[in-house]
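Report on the structure given below.
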Amino acid sequence: MKNEMTLAFDSRSENEGFARVAVAAFVTQLNPTLEEVADIRTAVSEAVTNAIIHGYPDGIHTVVVRAVLEDDMLELWVTDEGVGMEDVRQAMEPLYTSRPELERSGMGFMFMEAFMDQVEVQSSPGVGTTVYMRKRIQKGATGQEA
């Protein structure tokens with residue numbers, strides 16, 4: 001069975017928690033473990049925070065989160081139409097941040113990669129960024145260990 005949802009919200013820091021909780025609630029239909037839910041919440045939080053802080057540094061715009069569940073797989077896309085990145089590889093390096101004045105740690109992509117099975121980033125300067133993440137839910141819809 002396939003199920004999907006799409007959220008669109010203002011790029012306000014208050015909405016990061018909304019996105020995190022909404023995706024966590026959506027994935028519960030696959031009967032994930034508490035650890036899997038925590039991993040997904042953290043990854044969503046990091047991706048949405050990056051869109052808000054780095055994608056839209058000079059105003060309020062729209063962030064879109066799309067989630068697709070199919071069988072035991074969660075796929076997520078977090079998209080902004082903000083400033084984009086010139087060098088995605090550099091942006092994904094641990095401790096790198098384009099906003100050091102905000103005392104950002106530069107660990108967002110590292111956390112996403114640690115908690116999800118797959119992370120891909122597509123970005124173009126002046127066009128925006130999409131973070132794609134994928135995670136297999138080990139318990140699956142049956143509630144049995146895989």
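Every number here is computed from the coordinates shown, using simple stated rules; none is lab data. This is a predicted model, so every value here is computed, not measured. Reconstructed Cβ throughout: ideal geometry from the backbone, glycine too, with neighbour counts over all protein chains shown.
When peptides 34-42, 77-85, 7-15 are ranked by their average number of other Cβ atoms within 10 Å per residue, the highest-first order is 77-85, 34-42, 7-15.
For segment 1-63, the extents of the C-alpha atoms along the principal axes are 39, 22, 15 Å, listed from largest to smallest. Each of M5 and E70 was given a label point 7 Å from its Cα along the Cα-to-Cβ line. The distance between the two points is 2.0 nm.
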